[in-house]
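Notes for the one structure printed next.
The values are calculated or read from the model by the stated rules, or taken from the named source; none is laboratory data. Because the structure is a prediction, the values reported are computed rather than measured. All Cβ positions, even for glycine, are placed from backbone atoms using ideal geometry, and neighbour counts span all protein chains on display. What goes into the accessible areas is simple: the full protein's heavy atoms, side chains included, and nothing from ligands, DNA or RNA. Shrake-Rupley method; radii C 1.70, N 1.55, O 1.52, S 1.80 Å.
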Amino acid sequence: MGKVAFVSLAVAALAALLGERIVSLRRRSLASRELTQNHLPNCVLLKSLDHGSEDITILGDGLAFISAGLKYPGLPFSDLPGKIFTLDLHDPRLKPAELRMPRSFDLESFNPHGISVYTDPDDTIYLFVVNHPQHKSQVELFRFVEDDNSLVHVKTIKHELLNSVNDIVALGVDSFYATNDHYFSNEILKTLVENFLGAAWSNVVYYSPEEVKVVSEGYAFANGINISPDQRHIYVVNLFHHDVHVLQRKEDNSLVRIKVVPVGSVCDNVEVEPESGDLWLGCHPNAWKALNFDANDPPGSEVIRIQNIHSDEPVVTQVYADDGKVIMGSSVATTYGGKLLIGSVFHKALVCDLE
């Protein structure tokens, strides 16, 4: 409470004293570089995703799950309720299919953010969805029914440590790591204090029915999170600092930071290629434009790949870049079968051939 009270009293003074200096610092921290176009062949915008494709995860058989309709403070959004789609990447039509939701679930307030899939040993597929009804934070656990492309709601998970959840990576049927992108849950304190000052107060939380705890902290907007193919390492995107943190898992599920890899862009979600272990990131080359959306000067998109991240010299390359004329505000990128699937906070998803 001491920190909260102090910061609350200091907000007005900071705004008055720093004024344009704070705004300038924020603009620099959100990147503002010129973007050179770097397109890929045979790119197709996906239909049915007019109100965003914030996060995407792909099963080993090429079935993608897509969260759409995120309403995040400060970013453009649709008035339509959030939805979850599937996309069969083997189907040449590349047509997303909306998942049927249970009638008992509150669809009107459904505001999906990060997602993660866990497949049980008996091949049951569970979908974890970060949900922000009334801009609160909770995690919805669903069971996927492939026969009729529907979701069965298993339970809602809430906890005081899950106060500002952004992304999630499933570890089991009811356990996961999640990022809190802010220390505060209050929207005013998030915006006026943490965002403008770039405060490194956000964290990573481990959740299970037996134990909930903060396992890593000190991030300036902890965003995307994912796990290595061997389950030994966790990757966390530190948005305002433009880097990715590599964390080693311990037996008690605590995390130890072992290295930080700069990426040179404001990156959002991170996906991991199962075979190679390469990291794929959807990034905002000029996030200031995303926060101050202008249809005549749209925010661009960028996809970054990190190879050999555990070596002494990880290779960071730009795979795709667009000035916003094709896809705006890319938030996630993932690959399957020689194709790159790019999602957006508030725009359609894009599928391109990698070669």
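Going by what's in this entry, would SER216 be described as open to solvent by less than 60 Å² (accessible area, probe 1.4 Å) and polar (S, T, N, Q)? Yes.
For the range 47-74, how many residues are of a type in the set (A, V, I, L, M, F, W, C) and either surrounded by fewer than 17 Cβ atoms within 10 Å (Cβ to Cβ) or farther than 18 Å from LEU281 by Cβ (or both)? The number of residues fulfilling the criteria is 5. Here ARG232 clears all of (1) within 17 Å of ASN308 (Cβ to Cβ); (2) open to solvent by 40 Å² or more (accessible area, probe 1.4 Å); (3) in contact (Cβ under 8 Å) with a residue 40 or more places away in the chain except the condition numbered (3). Scanning the range 274-298 for residues that are open to solvent by 40 Å² or more (accessible area, probe 1.4 Å) and small (Gly, Ala, Ser) yields SER276, ALA295. Determine whether ILE84 is part of a strand (DSSP E or B), open to solvent by less than 50 Å² (accessible area, probe 1.4 Å) and either of a type outside the set (Lys, Arg) or modelled with pLDDT of 90 or more (or both). In short, yes. Taken over the range 329-343, the criterion of being open to solvent by less than 20 Å² (accessible area, probe 1.4 Å) and either of a type in the set (Lys, Arg) or closer than 22 Å to ASP297 by Cβ (or both) is satisfied by GLY329, SER330, SER331, ILE342, GLY343. Screening the candidates ASN203, ASN226, ASN163 for the property of being at pLDDT 95 or above and not in a strand (DSSP E or B) yields one hit, ASN163. The residue pairs whose first member lies in the range 129-147 and is among the basic types (Lys, Arg), whose second member is open to solvent by 20 Å² or more (accessible area, probe 1.4 Å) and not in a loop (DSSP other than H, G, I, E, B), and whose beta carbons are closer than 9 Å, counting only pairs six or more residues apart or on different chains, are ARG143/ILE125; ARG143/TYR126; ARG143/VAL152; ARG143/HIS153; ARG143/VAL154.
One residue stands out among those in the range 166-189 that are of a type in the set (Ser, Thr, Tyr) and in a loop (DSSP other than H, G, I, E, B): the one that is most open to solvent (accessible area, probe 1.4 Å), which is TYR183.
One residue stands out in the range 87-96 among those that are among the hydrophobic types (A, V, I, L, M, F, W, C) and closer than 23 Å to ALA170 by Cα: the one that is surrounded by the most Cβ atoms within 10 Å (Cβ to Cβ), namely LEU87.
Residues that are part of a loop (DSSP other than H, G, I, E, B), out of contact with any Ser or Thr (no Cβ under 8 Å at 6 or more places or on another chain) and touching a residue at least 60 places away in the same chain (Cβ under 8 Å) within the range 311-335 comprise just one, ASP323. Considering SER301, SER265, which residue is open to solvent by less than 20 Å² (accessible area, probe 1.4 Å), in contact (Cβ under 8 Å) with a residue 60 or more places away in the chain and within 18 Å of the chain's Cα centre (by Cα)? When all the criteria are applied, what remains is SER265. Any residue that is buried (at least 18 other Cβ atoms within 10 Å of the Cβ), under 15 Å from the mean Cα position of the chain (by Cα) and part of a strand (DSSP E or B) - is there at least one of those in the range 136-155? Yes, some residue in the range 136-155 is buried (at least 18 other Cβ atoms within 10 Å of the Cβ), under 15 Å from the mean Cα position of the chain (by Cα) and part of a strand (DSSP E or B). For GLU271, the conditions (1) open to solvent by 20 Å² or more (accessible area, probe 1.4 Å); (2) of a type outside the set (A, V, I, L, M); (3) in contact (Cβ under 8 Å) with a residue 12 or more places away in the chain; (4) not in a helix (DSSP H, G or I) are fulfilled apart from (1).
I need the full set of residues from the range 98-124 which are outside any loop (DSSP other than H, G, I, E, B) and open to solvent by less than 40 Å² (accessible area, probe 1.4 Å), in order please. Correct list: PRO112, HIS113, GLY114, ILE115, SER116, VAL117. The set of residues from the range 211-223 being more than 12 Å from the chain's Cα centre (by Cα) and part of a loop (DSSP other than H, G, I, E, B) comprises GLU211, ALA220.
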